[in-house]
Amino acid sequence: MFRLLRWQSLVPWFFLLPALMIFAAFAFWPVLAGAWFSLTDYRLLHTPQFVGLDNYRALLNNPLFLTGLRNSFLFLLVVPFTQIAALSLAVLVNQPLRGIHWFRTVFYLPVVTTVSVVGILWGFMFHEQGTLNYVLLQLKLIQAPLGWLSDDQLALAAVMFVCFWRGLGWYMVMYLAALQAVPSDLYEAAELDGAGRWARFRYITVPALYPVIAMCTVMSVLAALKAYQEVDVLTQGGPMNSTFTALYYAYDQGLKHLRIPRGLAASFIVSLICLAIALSGLWLLRPGSKR
């Protein structure tokens, strides 16, 4: 009897075994190998020598990496705007209006657009002779074209806006799904009690959506810290390294300049920061957490 129960408890693991093997080969093992190589002076044609934490010490004294780390944290400024705008859009497209499905599609379209297309699109928009400057000049808001991607004072804000634009639709869909799960009886009862739209939103919608808001906020923070694709297609870290992020620095060092241990060390620092934030998010989402 005990042998049968023990065998039955092992059956699910046999079904999971192929996926676990793939995960171990393409995720777990590369992480362990990368952690080891970040502690060495590994070069492609030489046997790696263990150097301890030298690569990490060098990063903490490297002005370019510190600039990238600062810019990665500046990307966090996008998070509150993204979440507020996404929740507002979700409330808007949740209304039973004619053609609302088309609006949902339009808002979600940037999410499924490839980053290369996004780079071409916003490259034209941000060009000094592009659409954005033309509109601003016609509205008399500026006196001369602005170099959105060529001015080191504006480039980071321009890239941050593209990240905001790309992520908005994804979080909107998350909030929309959560909104549609809120019982309509609660709104009807509150309306009968004389609660206005703002009161219903504050005392019914927000508390009901708290777990989703917390989860989307954590996901948005992680996405902001890992900003790389938009930087690569729009500015390649320029001008004057003003749009370097910590993860783009890891790519630049590891793949462009083949300083693989330095790039791995940078990526692990970003990973540790993201892990700490993810664990904080799990703590916020734990059952029975105070809201």
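The values are calculated or read from the model by the stated rules, or taken from the named source; none is laboratory data. Since this is a predicted model, take the numbers as computed values, not measurements. We place every Cβ from the backbone using ideal geometry, glycine too, and count neighbours over all the protein chains shown. With ligands, DNA and RNA removed, areas are computed over all heavy atoms of the protein, side chains included. Shrake-Rupley method; radii C 1.70, N 1.55, O 1.52, S 1.80 Å.
Yes or no: V106 within 26 Å of M215 (Cα to Cα) and either in a helix (DSSP H, G or I) or open to solvent by 80 Å² or more (accessible area, probe 1.4 Å) (or both)?
Details: within 26 Å of M215 (Cα to Cα): yes; either in a helix (DSSP H, G or I) or open to solvent by 80 Å² or more (accessible area, probe 1.4 Å) (or both): yes.
So V106 fits the description; yes.
Rundown of residues vs (1) over 30 Å from Y187 (Cβ atoms); (2) not in a loop (DSSP other than H, G, I, E, B), yes/no style:
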residue: L89; (1), (2): no, yes
residue: H101; (1), (2): no, yes
residue: V111; (1), (2): no, yes
residue: Y134; (1), (2): yes, yes
residue: Q153; (1), (2): yes, no
residue: A158; (1), (2): yes, yes
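Looking at the stretch 182-289, what helices (runs of 4 or more DSSP H) fall wholly within it and have at least 2 residues that are hydrophobic (A, V, I, L, M, F, W, C), open to solvent by 50 Å² or more (accessible area, probe 1.4 Å) and out of contact with any Phe, Trp or Tyr (no Cβ under 9 Å at 6 or more places or on another chain)? Please lay out each step first, then the result.
Working: elements: 184-192, 197-200, 210-225, 229-234, 246-251, 260-284.
Here the list reads 184-192, 260-284.
Please name all residue pairs, on different chains or six or more residues apart, with Cβ atoms under 9 Å, provided the first residue is in the stretch 256-267 and is at positive phi and the second residue is assigned to a loop (DSSP other than H, G, I, E, B) and surrounded by fewer than 21 Cβ atoms within 10 Å (Cβ to Cβ).
Qualifying pairs under 9 Å: L258/L44.
Within the stretch 3-86, considering only helices (runs of 4 or more DSSP H) that don't extend past its boundaries, which have at least 3 residues that are within 30 Å of A158 (Cβ to Cβ)? Let's see the steps before the verdict.
Details: elements: 29-37, 54-60, 63-74.
Correct list: 63-74.
Restricting the search to the stretch 56-71, which residues are farther than 12 Å from V270 by Cβ and small (G, A, S)?
Hit for the stretch 56-71 is A58, nothing else.
Rundown of residues vs (1) under 30 Å from F107 (Cβ atoms); (2) open to solvent by less than 100 Å² (accessible area, probe 1.4 Å), yes/no style:
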residue	(1), (2)
L20	no, yes
S38	no, yes
T47	no, no
V51	no, yes
P63	no, yes
Q83	yes, yes
A86	yes, yes
